[in-house]
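Some notes on the structure that comes next.
The values are calculated or read from the model by the stated rules, or taken from the named source; none is laboratory data. Bear in mind that the values here come from a model prediction, so they are computed numbers and not experimental data. Neighbour counts run over all protein chains shown; Cβ positions are idealised from the backbone, glycine included. Ligands, DNA and RNA are excluded from the accessible area calculation, which covers all protein heavy atoms including side chains. Shrake-Rupley method; radii C 1.70, N 1.55, O 1.52, S 1.80 Å.
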Amino acid sequence: MDPAPLSKDQWAEVGMALKFLWLALGFAIMAGPSLLIAHAMIPSAVGDKSIDAKWTKLRKPLYAFGTVCILGIIGSLIMFSRNLNFLEETYSRFWI
């Protein structure tokens, strides 16, 4: 099976799908450290008295930011999957 070359509209879909993948990566890069600091580093440092207990106030905003980023990852991946119509148009059937 020889796939047809992509049209200008299909290339635009490819570009949009890649943008959503990059956006998901950006959200993941922001969510990881935020949740790590809120869930592991701050309680550990407060527990062994390395930092003051007032730092525990910072956990809620970090959790909120991490949760928003996780929702952003999910939304970006959903939007990515909606921009994959060019695959079905290019490869009209699965290889057997």
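Residue count for region 5-49 under the criterion of being within 22 Å of SER81 (Cα to Cα) and in contact with a Gly (Cβ under 7 Å, 6 or more places away or on another chain): the result is 2. Entry remark, region 72-96: residues being more than 22 Å from GLY15 (Cα to Cα) and among the aliphatic types (A, V, I, L, M) number 1 in total. Any residue at all in region 16-26 that's farther than 30 Å from SER92 by Cα and assigned to a helix (DSSP H, G or I)? Looking for residues that are farther than 30 Å from SER92 by Cα and assigned to a helix (DSSP H, G or I), one finds at least one in region 16-26, hence yes. Taken together, the criteria place GLY66 among residues that are touching a helix residue (DSSP H, G or I) at 6+ places or on another chain (Cβ under 7 Å) and either at pLDDT 95 or above or among the hydrophobic types (A, V, I, L, M, F, W, C) (or both). Answer with yes or no whether PHE86 is within 13 Å of ALA24 (Cα to Cα), at pLDDT below 95 and part of a helix (DSSP H, G or I). It is false that PHE86 is within 13 Å of ALA24 (Cα to Cα), at pLDDT below 95 and part of a helix (DSSP H, G or I). Somewhere in region 75-96, is a residue surrounded by 11 or more Cβ atoms within 10 Å (Cβ to Cβ), under 27 Å from the mean Cα position of the chain (by Cα) and among the acidic types (Asp, Glu)? So far as region 75-96 goes, yes, one or more of its residues are surrounded by 11 or more Cβ atoms within 10 Å (Cβ to Cβ), under 27 Å from the mean Cα position of the chain (by Cα) and among the acidic types (Asp, Glu). The set of residues in region 12-34 that are open to solvent by 50 Å² or more (accessible area, probe 1.4 Å) and without any contact (Cβ under 8 Å) to a residue 40 or more places away in the chain comprises ALA12, LEU18, LYS19, TRP22, LEU25, ILE29, MET30, PRO33.
Any idea which residue in region 39-74 is surrounded by the most Cβ atoms within 10 Å (Cβ to Cβ), counting only those that are part of a loop (DSSP other than H, G, I, E, B) and of a type outside the set (Ser, Thr, Tyr)? If we take residues in region 39-74 being part of a loop (DSSP other than H, G, I, E, B) and of a type outside the set (Ser, Thr, Tyr), then ILE51 is surrounded by the most Cβ atoms within 10 Å (Cβ to Cβ).
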